[in-house]
Structure formats: structure tokens, C-alpha cells
Amino acid sequence: MGQTMGGERRPVVLVTGFNDWNHVESLWQCSENPSGRLLVGDAGSRSADAPKDGRLPALLREGRPDVEWRFLTLPVVWGIGAAVDYTAYDVVIHLGLQSALGPTLIQIEDGAYNLGVGLDAAGFQNSGPLDPLFPGDSLHNDTVTRVVRSLEDEQLPGGFKCFVVDPTRHNTYICNETNWRAVRKTNEGVVAAGYFLHIPQQGFDLALLAEALAALIPKLVDLSLPTPPAMWSRYAQFALAPCVRLSSSQSSVQ
């Protein structure tokens, strides 16, 4: 069950990053991808159950003890978004890389595009719509749009700044597929909100980026929930057990 603080049920929030994808010995290798290293730390990891004791988890746990934080790194393979059990969380926030992003920008996705193209870390080539029956090119959610648009040009610690983008056929890799599922689960009411944040690939200090995200992520959580976390005990009776089902490994969420 979700933990309580002073008798109050804390919202459960999952933050994910991705493992490495180029020339990997294991799908759980995480030594180069900054989105994963933010969670596992500078030493990196090579296993699914590696401790999530990086700078970002430390800052979030210290700064917002009223939230039950969970962290997970994901292999860069098609379909990995289906491994996340959204029923276990109130808010889910995915982190991924955008190679063309400036070193001080954090790109917040407002929706996902109905296309998946590219070669994954396991060598599988995908090319086609994410949902062939979906009547349109892009998927949106009103809550996600409201929240992310309120953070347009938001200034963050370390000189970072948010900017918001619409779905595009130029963003159709595994990040987009993962975000498609997050938006869909939000539309279905499984979670209050699911988000995808793209971070730069290089040219920045990882510790400073962690501080920027530690300021941004709680804002996403607070803007997504109907009441402040401290008042949840008046409205919520039960907590869902946090867990993630991963088809490729017995991974633990931390």
C-alpha cells in the first residue's frame, strides 16, 4: 500500500528515464543516457534493480516528502510503455532525450503523434501507426494541455527554461510511443496526468539539470491533482500498491 505521512495518504508519482540505446551489452545498461543517469547517478547501472539514488531522486524526496516518489529506468525498446502499470500511480512523468534541443531547454510535450519509426536497442525496426484504428494524427488530453501550457517559458534553476511543443511526425521514436500511452491512460482516467519531458543530450551540467527538474516536476504534480497532497486524507481512503510489470526483466521500482 502507499505510505502515509501523519495519517494522510500521499500521492504516488512515478518518474522514469531511459537506459542506453547505442551498442549496448544489456538493455539495462545505463551509463550514457542522461535521462537514466539522473535517476541512477553518475556511476550508472547495468541491472534492472540498480538503486535509484541519483541526484534527482534525492532532491525530490528531500524537497517534497508529502509525495511518495517512485523511479524506474526503461530499456529503449518498442512497446516498453506497456510495461508501466499506470493503475499504481497518481501521476506519471517520463524523461527522455532530444538530440536537437538546446543545452538550457526542457521540452514539454503537449500530446503524442500516431506514428512509431526507428530501430530500437534490441535491433527491432518499427514503422507504422501506434494505433491503426485511431481517427487522427495526434492524441491530446485537456488536463495535460492546461498544465503544460501554463508552464510555457517557465524559468527554472540553473538557467534552464521550459518550452511546449505540439505532436509532430519529426518526433516518432520510442519517446513518442511512451508518451502516447501516457496520454491515453490520462484520457481513460487511470492516472490524473501523464507527461513527457525531453531534456538535452549534451552541453549541460547534470547536477544543475537535476535541480531544474526538481523544481519543475513538483509543479506538474501539484497542477495535476484536484487537491494539494497535504489535504488528500479528506478525500482518499485507500492507496494503490506501487509496482511496475516489465516483460523483459523482474525490475523493482524504487
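Quick notes
- Separation of the SER150 and GLU32 label points, Cα + 7 Å toward Cβ, nm: 3.9 nm
- Note on region 1-74: percent of Cα-Cα distances in each 10 Å bin, starting at 0 and stopping at the bin with the largest distance, equals 21, 45, 24, 9, 1.
- In the chain, a dipole from Cβ-located charges (positive for Lys and Arg, negative for Asp and Glu) runs towards its positive end, and of HIS170, GLY79, ILE106 it is GLY79 whose Cα lies farthest in that direction.
- For the chain, the dipole from Cβ point charges (+1 on Lys and Arg, -1 on Asp and Glu) about the Cα centre works out to 440 debye, to the nearest 20.
- In the full protein context, the chain carries 43 Å² of accessible surface per residue, based on a 1.4 Å probe and ignoring ligands, DNA and RNA.
- The charge dipole of region 64-140, taken about the Cα centre with unit charges on the Cβ atoms of Lys, Arg (+1) and Asp, Glu (-1), comes to about 200 debye, rounded to the nearest 20.
- Overall shape: prolate for region 48-132, with the ratio a/c of the largest to smallest alpha carbon gyration tensor axis at 1.5 or above and a/b above b/c.
- Backbone N within region 184-223 under 16 Å of label point (7 Å from ASN22 Cα along the Cβ vector): 200-204
- Percent carbon-and-sulfur accessible area, the chain, ignoring ligands, DNA and RNA, probe 1.4 Å: 50 percent
- Loop-exposed trypsin sites (Lys or Arg not before Pro) per DSSP, neighbour cap 12 Cβ within 10 angstrom, longest uninterrupted part of the chain: 1-168
- Estimated FRET transfer efficiency when R0 is 30 angstrom, pair VAL165-GLU8 (beta carbons, to 0.05): 0.25
- Gap separating the Cα centres of region 77-102 and region 27-52, nearest whole Å: 15 Å
- Dividing the summed -39500 (n - 2.57) terms of all DSSP H runs of n ≥ 4 by the residue count of the chain sets its mean residue ellipticity at 222 nm at -7000 deg cm²/dmol.
- Kyte-Doolittle mean at least -1.0, axial Cα span of 24 Å or more - DSSP H helices of the chain: 206-224
- Computed label-point distance, nm, for sites GLN125 and ARG61 using a 7 Å Cα→Cβ extension: 4.4 nm
- In this simple spin-label approximation, ASP222 and VAL117 carry label points 7 Å from Cα along the Cα→Cβ vector, and these lie 4.0 nm apart.
- Evaluated with a Cβ-only charge set (Lys, Arg +1; Asp, Glu -1), region 1-147 carries a dipole of roughly 320 debye about its Cα centre, given to the nearest 20.
- Calculated mean projected area of the Cα convex hull in nm² (choose from (i) 13.9; (ii) 17.7; (iii) 12.6), label: (iii)
- Semi-axis lengths, largest first, of the ellipsoid equivalent to region 90-179 are 25, 17, 11 Å, with √(5λ) applied to each eigenvalue of the Cα gyration tensor.
The values are calculated or read from the model by the stated rules, or taken from the named source; none is laboratory data. No experiment lies behind these values; they were computed from the predicted model shown. Ideal geometry is used to build each Cβ from the backbone, glycine not excepted, and the neighbour counts take in all protein chains shown. The protein model used for the area step is the full one, side chains on, heavy atoms only, and it has no ligands, DNA or RNA in it. Shrake-Rupley method; radii C 1.70, N 1.55, O 1.52, S 1.80 Å.
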